[in-house]
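A short worksheet on the structure shown next.
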Amino acid sequence: MDVLTLPVLARRATPPASRQTITTGAMLALDLGTCTGWALQAGDEFITSGTVSLKHTRFDGGGMRFLRFRRWLEQLDLDAGPIAAIHFEEVRRHVGTDAAHVYGGLLAVLSAWCEEHLVAYQGVPVGTIKQFITGKGNADKAAVIAAVQAKGFAPADDNEADAIAILLWAVETRGGVR
(Lines give C-alpha, C1' and ligand atoms only; values in the text may rest on other atoms or scores of the structure.)
Protein backbone atom coordinates (compact mmCIF):
# COMPACT_ATOMS: atom_id res chain seq x y z
CA MET A 1 0.00 0.00 0.00
CA ASP A 2 1.39 3.39 -1.01
CA VAL A 3 1.37 6.22 1.47
CA LEU A 4 0.54 9.67 0.20
CA THR A 5 2.99 12.23 1.52
CA LEU A 6 1.98 15.86 1.39
CA PRO A 7 4.58 18.63 1.39
CA VAL A 8 4.72 20.80 4.46
CA LEU A 9 4.18 24.45 3.59
CA ALA A 10 6.17 26.96 5.60
CA ARG A 11 4.57 30.35 6.06
CA ARG A 12 6.69 32.27 8.52
CA ALA A 13 10.29 32.19 9.61
CA THR A 14 9.20 31.75 13.23
CA PRO A 15 7.17 28.72 14.27
CA PRO A 16 3.55 29.30 15.37
CA ALA A 17 4.39 28.14 18.92
CA SER A 18 6.52 31.26 19.37
CA ARG A 19 3.40 33.47 19.35
CA GLN A 20 2.50 34.24 22.95
CA THR A 21 -0.14 36.92 22.55
CA ILE A 22 -1.98 38.60 19.72
CA THR A 23 0.28 41.62 20.10
CA THR A 24 3.22 39.81 18.46
CA GLY A 25 1.72 40.48 15.07
CA ALA A 26 -0.80 42.69 13.38
CA MET A 27 -4.45 42.67 14.40
CA LEU A 28 -6.96 43.00 11.55
CA ALA A 29 -10.66 43.89 11.77
CA LEU A 30 -13.01 43.29 8.84
CA ASP A 31 -16.53 44.28 7.85
CA LEU A 32 -17.09 41.65 5.15
CA GLY A 33 -19.08 42.53 2.05
CA THR A 34 -18.83 43.61 -1.57
CA CYS A 35 -17.17 46.74 -0.19
CA THR A 36 -15.13 45.28 2.67
CA GLY A 37 -14.06 47.66 5.40
CA TRP A 38 -10.76 46.96 7.13
CA ALA A 39 -8.72 48.33 10.00
CA LEU A 40 -5.26 47.15 10.95
CA GLN A 41 -3.12 47.70 14.01
CA ALA A 42 0.47 46.60 13.66
CA GLY A 43 2.92 46.19 16.51
CA ASP A 44 3.60 49.94 16.56
CA GLU A 45 0.05 50.67 17.83
CA PHE A 46 -0.66 52.76 14.70
CA ILE A 47 -4.09 52.06 13.15
CA THR A 48 -4.63 52.19 9.41
CA SER A 49 -7.95 51.57 7.72
CA GLY A 50 -9.77 51.64 4.44
CA THR A 51 -12.04 49.69 2.14
CA VAL A 52 -11.42 47.16 -0.58
CA SER A 53 -13.93 46.74 -3.39
CA LEU A 54 -14.76 43.14 -4.22
CA LYS A 55 -17.38 44.01 -6.80
CA HIS A 56 -17.24 41.80 -9.83
CA THR A 57 -17.16 43.04 -13.38
CA ARG A 58 -19.20 41.63 -16.20
CA PHE A 59 -16.13 39.70 -17.36
CA ASP A 60 -15.53 37.98 -13.99
CA GLY A 61 -16.56 34.46 -13.16
CA GLY A 62 -18.59 33.85 -10.02
CA GLY A 63 -15.55 33.10 -7.87
CA MET A 64 -13.31 35.98 -8.84
CA ARG A 65 -14.33 38.22 -5.91
CA PHE A 66 -13.31 35.44 -3.53
CA LEU A 67 -9.96 34.94 -5.25
CA ARG A 68 -9.32 38.69 -5.11
CA PHE A 69 -10.19 38.69 -1.40
CA ARG A 70 -7.77 35.84 -0.72
CA ARG A 71 -5.05 37.56 -2.75
CA TRP A 72 -5.69 40.79 -0.84
CA LEU A 73 -5.34 38.95 2.51
CA GLU A 74 -2.08 37.37 1.36
CA GLN A 75 -0.66 40.71 0.27
CA LEU A 76 -1.73 42.45 3.49
CA ASP A 77 -0.10 39.69 5.50
CA LEU A 78 3.15 40.18 3.56
CA ASP A 79 3.09 43.98 3.68
CA ALA A 80 1.91 44.63 7.24
CA GLY A 81 2.06 41.25 8.90
CA PRO A 82 2.39 38.79 10.01
CA ILE A 83 -1.28 38.96 10.87
CA ALA A 84 -1.78 37.34 14.27
CA ALA A 85 -5.52 37.83 14.81
CA ILE A 86 -8.56 38.75 12.75
CA HIS A 87 -11.87 39.99 14.15
CA PHE A 88 -14.82 40.32 11.81
CA GLU A 89 -18.41 41.50 11.99
CA GLU A 90 -20.56 38.44 12.55
CA VAL A 91 -23.82 38.97 10.70
CA ARG A 92 -26.70 36.63 11.54
CA ARG A 93 -29.34 38.12 9.24
CA HIS A 94 -29.12 39.71 5.82
CA VAL A 95 -31.88 41.65 4.13
CA GLY A 96 -30.94 40.41 0.65
CA THR A 97 -30.04 37.00 -0.71
CA ASP A 98 -27.09 38.28 -2.74
CA ALA A 99 -25.57 39.99 0.30
CA ALA A 100 -25.92 36.76 2.28
CA HIS A 101 -24.19 34.78 -0.48
CA VAL A 102 -21.31 37.27 -0.72
CA TYR A 103 -20.89 37.34 3.07
CA GLY A 104 -20.96 33.54 3.30
CA GLY A 105 -18.37 33.17 0.54
CA LEU A 106 -16.05 35.76 2.06
CA LEU A 107 -16.42 34.18 5.49
CA ALA A 108 -15.55 30.77 4.02
CA VAL A 109 -12.42 32.18 2.36
CA LEU A 110 -11.45 34.05 5.54
CA SER A 111 -11.88 31.09 7.87
CA ALA A 112 -10.05 28.72 5.50
CA TRP A 113 -7.19 31.22 5.10
CA CYS A 114 -6.93 31.68 8.87
CA GLU A 115 -6.91 27.93 9.49
CA GLU A 116 -4.30 27.39 6.80
CA HIS A 117 -2.03 30.14 8.17
CA LEU A 118 -2.64 29.45 11.88
CA VAL A 119 -4.19 32.86 12.45
CA ALA A 120 -6.69 33.32 15.27
CA TYR A 121 -10.08 34.60 14.09
CA GLN A 122 -13.27 35.62 15.83
CA GLY A 123 -16.67 36.89 14.82
CA VAL A 124 -18.10 39.81 16.79
CA PRO A 125 -21.89 40.24 16.81
CA VAL A 126 -23.22 43.43 15.24
CA GLY A 127 -25.01 44.48 18.44
CA THR A 128 -21.82 44.09 20.47
CA ILE A 129 -19.93 46.39 18.13
CA LYS A 130 -22.67 49.03 18.09
CA GLN A 131 -23.11 48.88 21.89
CA PHE A 132 -19.37 49.30 22.38
CA ILE A 133 -18.86 52.23 20.01
CA THR A 134 -22.15 54.14 20.47
CA GLY A 135 -23.60 52.88 23.75
CA LYS A 136 -26.67 51.65 21.88
CA GLY A 137 -26.88 48.11 20.50
CA ASN A 138 -29.24 49.03 17.66
CA ALA A 139 -27.55 52.25 16.55
CA ASP A 140 -27.83 53.21 12.89
CA LYS A 141 -24.92 53.62 10.46
CA ALA A 142 -24.74 57.38 10.95
CA ALA A 143 -24.36 56.95 14.72
CA VAL A 144 -21.52 54.47 14.27
CA ILE A 145 -19.74 56.79 11.83
CA ALA A 146 -20.17 59.74 14.23
CA ALA A 147 -18.86 57.71 17.18
CA VAL A 148 -15.79 56.61 15.22
CA GLN A 149 -15.19 60.21 14.10
CA ALA A 150 -15.44 61.33 17.74
CA LYS A 151 -12.53 58.99 18.50
CA GLY A 152 -10.38 60.83 15.96
CA PHE A 153 -10.82 58.74 12.82
CA ALA A 154 -12.10 59.84 9.40
CA PRO A 155 -13.83 56.81 7.85
CA ALA A 156 -14.79 57.09 4.18
CA ASP A 157 -18.02 55.14 4.70
CA ASP A 158 -19.92 52.90 7.10
CA ASN A 159 -17.86 49.84 6.11
CA GLU A 160 -14.61 51.45 7.19
CA ALA A 161 -16.29 52.86 10.34
CA ASP A 162 -17.51 49.38 11.29
CA ALA A 163 -14.03 47.91 10.82
CA ILE A 164 -12.49 50.64 12.99
CA ALA A 165 -15.13 50.05 15.67
CA ILE A 166 -14.40 46.30 15.61
CA LEU A 167 -10.67 46.93 15.97
CA LEU A 168 -11.17 49.37 18.84
CA TRP A 169 -13.43 46.82 20.55
CA ALA A 170 -10.84 44.06 20.07
CA VAL A 171 -8.02 46.22 21.44
CA GLU A 172 -9.96 47.49 24.46
CA THR A 173 -11.54 44.16 25.43
CA ARG A 174 -8.59 42.01 24.35
CA GLY A 175 -10.90 40.20 21.95
CA GLY A 176 -13.78 40.03 24.42
CA VAL A 177 -11.69 38.79 27.36
CA ARG A 178 -11.32 42.13 29.20
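The values are calculated or read from the model by the stated rules, or taken from the named source; none is laboratory data. Quick caveat, the model's predicted, so the values are computed rather than measured. Counting neighbours? That spans all protein chains shown, and the Cβs are built from the backbone with ideal geometry, glycine included.
See the values below:
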{"quantity": "Enumeration of residues in segment 122-160 that are out of contact with any strand residue (DSSP E or B) (no Cβ under 7 Å at 6 or more places or on another chain), aliphatic (A, V, I, L, M) and in a helix (DSSP H, G or I)", "calculated": "I133, A142, A143, V144, I145, A146, A147, V148, A150"}
{"quantity": "D98, sole failed condition from (1) of a type in the set (D, E); (2) loosely packed, with under 13 Cβ neighbours inside 10 Å; (3) in contact with an Asp or Glu (Cβ under 6 Å, 6 or more places away or on another chain)", "calculated": "(3)"}
{"quantity": "Whichever residue in segment 131-169 is among the charged types (D, E, K, R) and touching a residue at least 24 places away in the same chain (Cβ under 8 Å) and, among such residues, is surrounded by the fewest Cβ atoms within 10 Å (Cβ to Cβ)", "calculated": "D157"}
{"quantity": "Odd one out for R92, checked against (1) surrounded by 19 or more Cβ atoms within 10 Å (Cβ to Cβ); (2) within 18 Å of G176 (Cβ to Cβ)", "calculated": "(1)"}
{"quantity": "Any hit, segment 62-78, residues being assigned to a loop (DSSP other than H, G, I, E, B) and at pLDDT below 90", "calculated": "yes"}
{"quantity": "Unmet criterion (only one of (1) of a type in the set (G, A, S); (2) at pLDDT below 95; (3) under 29 Å from I145 (Cβ atoms)) for A39", "calculated": "(2)"}
